[in-house]
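Input: a single structure, listed below in structure tokens.
The values are calculated or read from the model by the stated rules, or taken from the named source; none is laboratory data. All values derive from a computational prediction rather than experimental measurement. Methodologically, a virtual Cβ is constructed for each residue, glycine included, from the backbone with ideal geometry; neighbour enumeration extends over all protein chains shown.
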Amino acid sequence: MDQATRTRIEHNIFPLAHQACEPWETFPWHTGRGGAIDTHVAHSSQALAIDVFGTIKTSSDCDVILDALATSLGVPAGGPWNITLESRVRPSLLNEPRPTQVDVYAESPNSVILFECKFTEQDGGACSQTVRRNGSLPCQGNYMQKSIRGINMTSRCPLSDKGIQYWDIIPKVFYLDAETDYQPCPFAGPAYQWMRNLVVAYKLARQKNKQPAVVIVYADSADLPMAKKVESHEWGEFTQTVRQDQVQFHVRSYQEILTLAQETARADSGEDTLWIALHEWVNKKITKINGNRKKAKRKNRSQPATMSVNRR
């Protein structure tokens, strides 16, 4: 990382969270389509996650804040807690050729919590098998027995045929049966990303003999898609398919987490103004993004429609 790139990123991350990114040269920064680091952009969800969880990680009140958060999520409290930003799951856990990367991973002697963090994203990520590549479409979006060129596939899911073990765990985490056809597949769309986090949390916790939770973290604003998503009927239906007795599954806004931090922080820690400042930092980011989005919409509406021309 050159100094110019680092400076741009530093300006987009809350100052007291900088320490959580050390060493900066090897930190797994998010990159755009061209391969360049883009954590400096105003809408970076990675930067917002570092703002909040990086500050919690470096705070002297880290344990008491995460204890309070764990209690609110229904998993055991009791530190010490360790927070890892951009934690990559080992491939052997679910035999994934491209292992799941967790935005924020928190672990204590009793619990594991996976945080999937969103900012301006529309939704979760869809299954790659439903995307046509090089003229090939591995899956039509249905979980059912199928054949290719007259040959019956051994599994209902192409990923299972590749040895990836999602559907070995899904029935333990969801009220779903691996031997039943589903049209469409429950995870063909954006629920795929939530599923990956849930099965990873379950498997990790079982191996460590700890209690798991998965939290979808979002910026609470009426103008942002994820804030609308988690209040939708569709979201309510999805959460009802999760076996909460196996993995606690919740949503929390950044603002809720910061309010909890402010209320929980010890009076003698000397950090009483820290959480207020961070709350203001986060709200300024949200306000800026909403302003940019509204300007873009007005600009698009003001542009004259182009006339189509038939060329013969």
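Observations
- Of all positions in segment 5-16, at least one carries a residue that is touching a residue at least 24 places away in the same chain (Cβ under 8 Å), crowded, with 17+ Cβ neighbours inside 10 Å and touching a His at 6+ places or on another chain (Cβ under 7 Å).
Every residue, every condition in (1) among the β-branched types (Val, Ile, Thr); (2) surrounded by fewer than 22 Cβ atoms within 10 Å (Cβ to Cβ), yes or no:
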| residue | (1), (2) |
| --- | --- |
| Asp38 | no, yes |
| Ser45 | no, yes |
| Gly54 | no, no |
| Asp61 | no, yes |
| Ser72 | no, yes |
| Thr100 | yes, yes |
| Glu121 | no, yes |
| Gly125 | no, yes |
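- Residue within segment 17-31 that is surrounded by fewer than 18 Cβ atoms within 10 Å (Cβ to Cβ) and either in the same structural domain as Lys203 (by TED's automatic domain parsing) or among the aliphatic types (A, V, I, L, M) (or both) present: no
- Conditions (1) surrounded by 14 or more Cβ atoms within 10 Å (Cβ to Cβ); (2) assigned by TED's automatic domain parsing to the domain that holds Leu274: number failed by Pro109: (1)
- Leading residue by the ranking (modelled with the highest pLDDT) among those in segment 265-296 that are surrounded by fewer than 16 Cβ atoms within 10 Å (Cβ to Cβ) and in contact with a helix residue (DSSP H, G or I) (Cβ under 7 Å, 6 or more places away or on another chain): Ile276
- Qualifying residue in segment 238-258 (condition: part of a helix (DSSP H, G or I), under 22 Å from Ser59 (Cα atoms), assigned by TED's automatic domain parsing to the domain that holds Ala70 and hydrophobic (A, V, I, L, M, F, W, C)): yes
- Checking Asp245 against (1) touching a residue at least 24 places away in the same chain (Cβ under 8 Å); (2) surrounded by fewer than 17 Cβ atoms within 10 Å (Cβ to Cβ), the condition it does not meet: (1)
The rows are residues; the columns are (1) in contact with a helix residue (DSSP H, G or I) (Cβ under 6 Å, 6 or more places away or on another chain); (2) surrounded by fewer than 20 Cβ atoms within 10 Å (Cβ to Cβ); (3) in a helix (DSSP H, G or I).
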| residue | (1), (2), (3) |
| --- | --- |
| Phe187 | yes, no, no |
| Gln193 | no, no, yes |
| Asn197 | no, no, yes |
| Val200 | no, no, yes |
| Arg206 | no, yes, yes |
| Val215 | no, no, no |
| Asp223 | yes, yes, no |
